[in-house]
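Below is one structure, written out as structure tokens, with a few remarks after it.
The values are calculated or read from the model by the stated rules, or taken from the named source; none is laboratory data. Predicted model, so just to flag it, every value in this text is computed and none were measured. Counting neighbours? That spans all protein chains shown, and the Cβs are built from the backbone with ideal geometry, glycine included. SASA here: full protein model, heavy atoms, side chains in, ligands and nucleic acids out. Shrake-Rupley method; radii C 1.70, N 1.55, O 1.52, S 1.80 Å.
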Amino acid sequence: MKRRKFIKHLGTGSITAGAALSVPPAVHAKEQVRWKMVTAWPKNFPGLGTNANMLAKTINEMSGGRIKVKVYGAKELVPAFEVFDAVSRGTAEMGHAGAYYWKGKSEAVQFFSSVPFGLTAQEMNAWLYYGGGMDLWRELYDPFGLVPAATGNSGVQMAGWFNREINTVDDLKGLKMRIPGLGGEVLQRAGGTPVTIPGGELFTALQSGTIDATEWVGPYNDLAFGFYKVAKYYYYPGWHEPGTTMECMINKKAFNELPKDLQAIVLTACKAANLDLLAEFTARNNQALEALVNKHNVQLRALPDPVLKKLHDLSNEVVLELADKEPMAKKIYESFSQFRKQVIDWEKVSEQAYLRARTL
Ligand code: CA
């Protein structure tokens, strides 16, 4: 009876202490931060778009709702290639993209996405977190008012889908292939014609013969686009993108206004997302590859060693020239290439030796 009376009393709203329990104090409401995250991907795009969603959700949950991040797909707030500028000027507080899109801002950005014959996912994270890479990335983005973070990795990509066999370096001559960035420059030096076509138009371009070949990501994303219906050969390995890093960029002013614990939450959530995407790609690529080979009868082929050797030599030229384009590119190149040289020696007796041993 007493309890019922008490509840009835509460209902009148006359017990202020009780009411205060269910209504958050005004000071907490003021502390709630609402951020926008613009992305370079279609909304919910498998792997990339879903990684942005996961990052936002993790930040929301870790902060107990004190910071809420809303994710926007490409074109919802700004187009894909305007993510950098939008976050730089504060239209959005966060962005989710790939650093190689911003080479118009600085050639040096390309070291933070993927370099042909560069670092694998594991090595890239090692360079970023323990090899000085992250400090250089922060230094590079600082003048733009941005704080960068790695937020995912594709792992080794596939060399791509081809309508003809690649047996010698000569087979690359005259090859019209969709392959962006530094990899495209390398193909050009090998006698091919690199073209840039948005992902959504690749199927038709390959089907109509507008292009002879295309790279995209790996089995998981490539199966989704249905390339196996219009190209016969699926080549590996993805020499041009051995472990492409996705990035999260944060508006520096917005970041600095956060209390220390929320700053730590944002950066730790990025690290969690970085781990998560690589795990997702690794798991789904292996399932998708099996479906491509066994269900769709795709011809899986390795690029011949002499072709890879030639592409490697040309890649070294392209990356060296990139280093000479700007002082910051030179500084990053020196750190990157020194780390690469060292890690190759270690990998020879660890990952590489073990992966070989496992197949004996
Ligand atoms: Ca790719």
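Test each condition in (1) within 14 Å of the ligand (Cβ to nearest atom); (2) surrounded by fewer than 23 Cβ atoms within 10 Å (Cβ to Cβ); (3) touching a residue at least 40 places away in the same chain (Cβ under 8 Å) for residue 154 and report the one that comes out false.
All conditions pass for residue 154, except number (2).
Is it the case that some residue within segment 31-51 is at pLDDT below 95, among the aliphatic types (A, V, I, L, M), in a loop (DSSP other than H, G, I, E, B) and closer than 30 Å to residue 316 by Cβ?
Looking for residues that are at pLDDT below 95, among the aliphatic types (A, V, I, L, M), in a loop (DSSP other than H, G, I, E, B) and closer than 30 Å to residue 316 by Cβ, one finds at least one in segment 31-51, hence yes.
In segment 243-257, how many residues are within 13 Å of the ligand (Cβ to nearest atom) and in contact with a Pro (Cβ under 8 Å, 6 or more places away or on another chain)?
0
Would you be able to tell me the number of residues in segment 271-286 that are open to solvent by 20 Å² or more (accessible area, probe 1.4 Å) and in contact (Cβ under 8 Å) with a residue 24 or more places away in the chain? Break it down into steps so the answer makes sense when it comes.
Residues of segment 271-286 that are open to solvent by 20 Å² or more (accessible area, probe 1.4 Å), as a first pass: 271-272, 275-276, 278-280, 282-286.
If we keep only those that are in contact (Cβ under 8 Å) with a residue 24 or more places away in the chain too, we end up with 271-272, 276, 278, 280, 282, 284-286.
Of the residues in that region, 9 qualify.
Given (1) at negative phi; (2) more than 16 Å from the ligand (Cβ to nearest atom); (3) out of contact with any strand residue (DSSP E or B) (no Cβ under 8 Å at 6 or more places or on another chain), identify the lone condition not met by residue 60.
Of everything listed in (1) at negative phi; (2) more than 16 Å from the ligand (Cβ to nearest atom); (3) out of contact with any strand residue (DSSP E or B) (no Cβ under 8 Å at 6 or more places or on another chain), residue 60 misses just condition (3).
Could you tell me how many of the residues in segment 157-176 are in contact with an Asp or Glu (Cβ under 9 Å, 6 or more places away or on another chain) and either within 16 Å of the ligand (Cβ to nearest atom) or in a loop (DSSP other than H, G, I, E, B) (or both)?
11
If you scan segment 224-236, which residues turn out to be open to solvent by 50 Å² or more (accessible area, probe 1.4 Å) and touching a Gly at 6+ places or on another chain (Cβ under 8 Å)?
Of all residues in segment 224-236, those open to solvent by 50 Å² or more (accessible area, probe 1.4 Å) come to 224-225, 228-229, 232, 236.
Correct list: 225 only.
State which residue is nearest to the ligand (Cβ to nearest atom) when the search covers only segment 177-223 and only residues that are among the charged types (D, E, K, R), open to solvent by less than 50 Å² (accessible area, probe 1.4 Å) and within 25 Å of the chain's Cα centre (by Cα).
215
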